[in-house]
Amino acid sequence: MLSAILLFLLNCTLYMVNGTCKDGKCKIDRPALLQRNSPVVTSIDTLSSLSVGNGEFAFTCDVTGLQTFPQLYSHGVPLGTMAQWGWHSFPNTQDYEPDEVLKAYDFGRGSQEWYSCQFKQGRQKSASDYLRANPHRLHLGYIGFTDMKHKKIEQIHQQLNLYDGTINSSFLYEGKAIGVTTSCHPDKDMVSASISDTKKHTVTIRFAYPTGQHSDDASDWTKSHLQRVTLLSSHGNCSVYKRELDAQCYYIKVHTANAVQNLRENEITLSPSADSWSLSVEFTATQPDTTSPDIEESISATRDYWHTYWNKGGMVDFSKCTDARAKELERRVVLSQYLTAIQCAGSTPPQETGLTYNSWFGKFHLEMTWWHQAHFPLWGHPEMLARTLPWYKTASAKAREIAERQGLEGVRWMKMTDPSAEEAPSNVGSFLIWQQPHIIYMCELLYRSTHSQQVLSDYADIIDQTAQMMASYVTYDSIAHRYTLQGCIPAQETLKAAETINPPFELSYWHFGLSIAQQWRERLGQSRNAKWDDIIQHLSPLCEKDGVYAAAETADS
């Protein structure tokens, strides 16, 4: 399979060279590449929602360019408005504490190890259920046309303009044309929309109470009474509102041109006074000022940001390929570059479903961070990865607590967590280890792309502490004179921690991680760690059975 893929890519590359190069120089027509891969929607399809965002904040819309039909889209690709900072917890009325869900194990490393687990009965079950579900990511608010019926919408044409980072939507409603241009500010958690509408339909900003469910659109429309939206200030066409729900609160700054704002029953209504009007809605964790943003300047800033993004990094162009698969592969590569940039490049590691809807209660899984972010430096965008890595520094205190309670040195990175870095109870996740070397791998990618001494200085301690845990985690087999990995659940999550020895992926990753950590020491003028070298040299060989790597040395196959 791998060889077939490599041959296909080589074939595409050859056609690119033969078709687009002159005098040994090749240049991709990037605007044309992005134009042909910009998604177009011509009917209401709940699996074809489109998004704008900046990595820290994302806004997903339906065919109206806004979020007019959230219930209709709730079982497709939901209409999310989410930020990396936006979280909520239900009241902890029973005072559950993380220590209540710890369970002791002995994996032969010389001491009792305490793991955060799920329990099946009693208070411990209630505690683990609460701690898994809280905090959960919060939907910040729906912005949509008021009282529109989706069956009355016709002649839909909606396009995500990848090069400009905007969504252009046009449709007929009851026979009248409506146009909407939607964008997200590159540096603010703000969505803007320019609207052309001769019928002057109102727009309403609505707020749904959180569900706290494992996987959904995070919107419970039956509990509006459990929240409160108040007007804090209003200056001209710019108003600031505060939303409170349980112990959480945040702010919404709404600016309109040619429209009047009104707050009633936790809903903000925007009533246009002209056929052409605009709005911007900014969501903030702290109270904002009342400076009115210029919507045209915001759209211009968005275009400048995306033009820089697309013209800076690497691209692929398979337009000269004759292989029937080339077009689809090109589309997936280009859209992946866009989607990860808007969903997975913020101040915390990304959720598996980005900022569109909640999976695993909206929490992020550190073993999946590599998949979402490691590509950024490889495409020439190290700055996107650099936004997230500082979180590991703030999380290191919690990671050190986990290592200490398990008798390990350094820091042990949790699997399922949230911005606080508290470990979510899990009978699987708490025993995974393949997320441990990820931070070493990602820091190495950042260094290789920048060759910055500052990167080495910034992350030297994190690399060292991560490697210390890896070195203390292995067990020495004095009979076979080798180091083993045991007491873990491998990446495929099918084997039991108590019965697993030497899963091959984790063994290989341990060798890689410790080797890179040694290189960092040398780059910083430090001597190599003798213990790490001994482990690198004497790690167990990968177990093979019938020419195939086994799932683990102790596994049947």
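Assorted remarks:
- Residue within the stretch 525-541 that is over 23 Å from LEU408 (Cα atoms), open to solvent by 10 Å² or more (accessible area, probe 1.4 Å), assigned to a strand (DSSP E or B) and touching a helix residue (DSSP H, G or I) at 6+ places or on another chain (Cβ under 8 Å) present: no
- Screening the candidates THR81, THR13 for the property of being modelled with pLDDT under 95, of a type in the set (Val, Ile, Thr) and either open to solvent by less than 20 Å² (accessible area, probe 1.4 Å) or closer than 30 Å to THR308 by Cβ (or both) yields one hit, THR13.
- Selected residue (only one of SER426, SER420, SER430 is part of a loop (DSSP other than H, G, I, E, B), touching a strand residue (DSSP E or B) at 6+ places or on another chain (Cβ under 7 Å), under 15 Å from LEU366 (Cβ atoms) and of a type outside the set (A, V, I, L, M)): SER426
- Filter result (farther than 16 Å from LEU66 by Cα and not small (Gly, Ala, Ser)) within the stretch 268-282: ASP275
- Qualifying residue in the stretch 221-239 (condition: of a type in the set (Lys, Arg), assigned to a strand (DSSP E or B) and free of Cβ contacts under 8 Å to residues at least 60 places away in the same chain): yes
- Candidates SER126, SER170: the one that is of a type in the set (Ser, Thr, Tyr), surrounded by fewer than 20 Cβ atoms within 10 Å (Cβ to Cβ) and within 30 Å of SER426 (Cβ to Cβ) is SER126.
- Criterion: without any contact (Cβ under 8 Å) to a residue 60 or more places away in the chain, over 26 Å from LYS415 (Cα atoms) and touching a strand residue (DSSP E or B) at 6+ places or on another chain (Cβ under 6 Å) - qualifying residue of THR286, THR290, THR302: THR290
- The number of residues in the stretch 258-280 being open to solvent by 30 Å² or more (accessible area, probe 1.4 Å) and assigned to a strand (DSSP E or B) comes to 9.
- Restricting the stretch 480-518 to residues that are open to solvent by 40 Å² or more (accessible area, probe 1.4 Å) and either of a type in the set (Gly, Ala, Ser) or in contact with a His (Cβ under 7 Å, 6 or more places away or on another chain) (or both), the residue that is nearest to ILE440 (Cα to Cα): SER508
- Tally, over the stretch 176-198, of residues that are part of a loop (DSSP other than H, G, I, E, B), open to solvent by 30 Å² or more (accessible area, probe 1.4 Å) and either modelled with pLDDT of 95 or more or under 20 Å from THR81 (Cβ atoms) (or both): 2
The values are calculated or read from the model by the stated rules, or taken from the named source; none is laboratory data. This structure is a prediction, so every number in the text was calculated from the model and none was measured. Heads up, the Cβs are rebuilt from the backbone with ideal geometry, glycines too, and the neighbour counts pull from every protein chain shown. All accessible areas refer to the heavy atoms of the entire protein, side chains included, with ligands and DNA or RNA removed. Shrake-Rupley method; radii C 1.70, N 1.55, O 1.52, S 1.80 Å.
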